[in-house]
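Note sheet for the following structure.
Derivation of every value follows stated rules applied to the coordinates shown; laboratory data play no part. These numbers come from a predicted model, not from an experiment. In this analysis, Cβ positions are derived from the backbone assuming ideal geometry, glycine residues included, and neighbour counts consider all displayed protein chains.
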Amino acid sequence: MLPKHQLAEFALIQRIAKRFGGLRNQTLVGIGDDCAVTQSNAKTLQLITTDLLVEDIHFNRRFASCRDIGYKAMVGNLSDIAAMGGVPRQFLTSIAIPPSFSRNNVDMLYEGMMQPAKQSGVALIGGDTSSSPRTLFLSLTILGEVKPAHVIQRIGLQVGDEIFVTGTLGDSNAGLRILQTPAHKRVPRSCRTWLIQRHLRPIARLDAGQRLAKYRLATAMIDLSDGFSGDLAHLCKLNAVGATINVFHLPISDALRTYAHRMGEQAYDIALQGGEDYELLFAIRPESLSRLKRWITRGLLNATHIGTITPKQQGLRMITPTGSIRRMPIRSYEHFRSKRVQTRRPTT
């Protein structure tokens with residue numbers, strides 16, 4: 001248990017929301033989801049999300065170029081828009097620049113941000129700059145939109161809902177480990193390259209989020225930024241439910257399987273604790289299961305069925321490869337609680 005004076009990330013967010021985050025004016029969804037939601041007209045809702053990234057907390061310039069840092073910062077925000085089923089439109093960015101930064105460094109940072117922004121049709125509309133005494137600070141705010149009937153929140157789960165996740169899990173976690181530890185050189189070069197790329201250049205699943213929103217299939221959704229187990233726990237807590245996950249069904253890349261084997265670890269353990277995959281974790285009603293599986297078969301959605309929502313008293317459980325059922329360990333990153341220097345995105 002943490003001392004009373006020590007901060008815990010999710011508890012801090014809840015405290016701020018309770019004391020200062022009352023909904024007013026046109027605000028429909030405030031603190032606690034992937035984006036805030038406001039309504040300025042009857043046809044669309046506006047999505048607003050912001051991230052603050054701090055050097056040596058969220059990124060390390062020994063492992064990532066300025067382009068990588070900018071690219072990943074943008075994808076993290078785009079992923080929040082994806083998790084609400086929205087379309088990103090504009091963004092603002094503010095940076096505090098340390099003395100070690102050159103004009104070329106700044107150019108590369110913005111070039112990194114603009115690459116996924118242009119691919120997603122997002123325009124830079126403003127921001128601010130300042131100096132920093134030692135390290136780089138980067139803040140992005142993205143504005144998006146979604147139709148009122150299509151917005152997907154983190155709240156909406158029911159017992160019996162089926163759990164899915166897009167893409168593959170744990171690649172970013174392994175990529176970070178490889179960057180931090182030279183001992184990983186015994187992993188084949190092709191696997192190292194793939195995993196590092198997944199860490200430095202993730203993908204925001206905008207198409208998947210928009211498809212699920214358009215057809216109103218997802219009952220709740222969250223993007224996986226701090227780690228699968230922690231984000232699933234957060235989603236279940238918000239909905240007062242439990243979940244059972246079959247680890248044999250977790251989508252794991254061949255590169256991660258090779259990495260885990262060479263390191264003497266279980267691939268599913270890395271997938272459960274890994275952060276910054278930026279995949280979408282969502283649930284659907286049982287009656288939608290056949291439709292979603294048809295999408296997957298036809299290549300319309302890259303997602304995997306991994307578990308079921310259960311009653312709250314059952315908690316978070318996992319079915320191991322041997323078929324036994326045990327409690328799922330929660331080992332995701334949380335600000336204020338970990339002293340490790342990693343590259344972790346703040347929670348909205």
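The residue of the range 257-275 that is surrounded by the fewest Cβ atoms within 10 Å (Cβ to Cβ), among those that are in a helix (DSSP H, G or I) and in contact with a Lys or Arg (Cβ under 9 Å, 6 or more places away or on another chain), is R262.
Inside the range 158-197, can you point out the residues that are of a type in the set (S, T, N, Q) and either buried (at least 20 other Cβ atoms within 10 Å of the Cβ) or assigned to a helix (DSSP H, G or I) (or both)? I'd like the intermediate steps shown before the answer.
Pass one, the range 158-197, residues of a type in the set (S, T, N, Q): 158, 166, 168, 172-173, 180-181, 190, 193, 197.
Selection gives T166, T168, S172, N173, Q180, S190, T193, Q197.
Could you list, in sequence order, the residues of the range 265-322 that are farther than 28 Å from L78 by Cβ and hydroxyl-bearing (S, T, Y)? The answer is S290, T308, T310, T320, T322.
Taking the options I48, I97, I155, I125, name whichever one is under 27 Å from Q210 (Cα atoms), free of Cβ contacts under 8 Å to residues at least 40 places away in the same chain and surrounded by fewer than 23 Cβ atoms within 10 Å (Cβ to Cβ).
On the way: I48 fails: free of Cβ contacts under 8 Å to residues at least 40 places away in the same chain; I97 fails: under 27 Å from Q210 (Cα atoms); I155 fails: free of Cβ contacts under 8 Å to residues at least 40 places away in the same chain.
None of the others qualify; the one that does is I125.
When the range 244-256 is filtered for residues that are in a strand (DSSP E or B) and either under 19 Å from the mean Cα position of the chain (by Cα) or farther than 18 Å from R331 by Cα (or both), only I245 remains. Only residues that are closer than 30 Å to A213 by Cα and free of Cβ contacts under 8 Å to residues at least 60 places away in the same chain were counted in the range 71-94, giving 5.
Every listed requirement among (1) in contact with a Leu (Cβ under 6 Å, 6 or more places away or on another chain); (2) surrounded by fewer than 16 Cβ atoms within 10 Å (Cβ to Cβ) is met by W295 save one, (2). Among the residues of the range 75-99, the one identified as within 12 Å of the chain's Cα centre (by Cα) and under 20 Å from T129 (Cβ atoms) is N77.
For the range 215-237, what are the residues that are part of a helix (DSSP H, G or I) and in contact with a Leu (Cβ under 8 Å, 6 or more places away or on another chain)? Lay out the reasoning, then the answer.
First, the residues of the range 215-237 that are part of a helix (DSSP H, G or I): 228-237.
Selection gives F228, S229, D231, L232, A233, L235, C236.
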